[in-house]
Amino acid sequence: KVKNCHALDKILEGVASDYNKLPQLGEVHLQGLPKLTSIGIEAPLLRSLEVRDCSLLIHVISSTHKPENLEVLKVRFCDNLETLFAGTSEDCVLPSLHTVQLWGLPKMVSIGTNCEPCRNPLSGTALN
């Protein structure tokens, strides 16, 4: 968990790829990071990602860090979030994703370019 770090603007973005790989990381909770602009975590076993109160964040996942084992994605109160998946030029398939919860995202316009988040119906989906 990373919580209430008011000066933090990036998480492992721009760091040499050997240092941003977290092969055993399963859950990430980010909350109260008002200056956060990018998340550069490369975690192949990531199952749960929760982002809350990150008002400068524009996207949650970039095409270079697709978490293929992601099961749960919760994003809340990110005032400038425009899309969940950014820079996706190819199909982005997340076969394990079963829960997406979205709240308080006034600028969100899309899930992501050519992105198919899951093949099965989602549960717990909310968009306000």
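Which order do 52, 76 take by accessible area at a 1.4 Å probe, largest first? Let's see the in-between values first.
On the way: 52 75, 76 55 Å².
In descending accessible area the options line up as 52, 76.
Do the alpha carbons of any pairs in 3/107; 66/107; 10/66; 1/74; 35/107 sit beyond 20 Å of each other, and which pairs? It would help to have the intermediate numbers written out before the result.
Values: 3/107 23 Å; 66/107 22 Å; 10/66 17 Å; 1/74 14 Å; 35/107 17 Å.
Beyond 20 Å between Cα atoms: 3/107; 66/107.
Between residue 7 and residue 98, what is the FRET efficiency for a Förster distance of 41 Å, r being their Cβ-Cβ separation, to the nearest 0.05?
Details: r = 35 Å, r/R0 = 0.85.
Efficiency, rounded to the nearest 0.05: 0.70.
Just to make sure I understand: if all protein chains stay in place, what is the order of 59, 6, 98 by accessible area at 1.4 Å, largest first? Spell out each step's value before the answer.
Working: 59 50, 6 115, 98 80 Å².
Order by accessible area, largest first: 6, 98, 59.
Can you sort 68, 42 by 1.4 Å-probe accessible area, starting with the largest? List each step's numbers first, then the result.
On the way: 68 120, 42 60 Å².
Result of the area sort, largest leading: 68, 42.
To the nearest 10 Å², what's residue 50's accessible area with a 1.4 Å probe?
Residue 50 exposes around 50 Å² with every protein chain in place.
The values are calculated or read from the model by the stated rules, or taken from the named source; none is laboratory data. Values in this document were obtained by computation on a predicted structure and should not be read as measured data. Heads up, the Cβs are rebuilt from the backbone with ideal geometry, glycines too, and the neighbour counts pull from every protein chain shown. The area values use the complete protein model at the heavy-atom level, side chains included, leaving out ligands, DNA and RNA. Shrake-Rupley method; radii C 1.70, N 1.55, O 1.52, S 1.80 Å.
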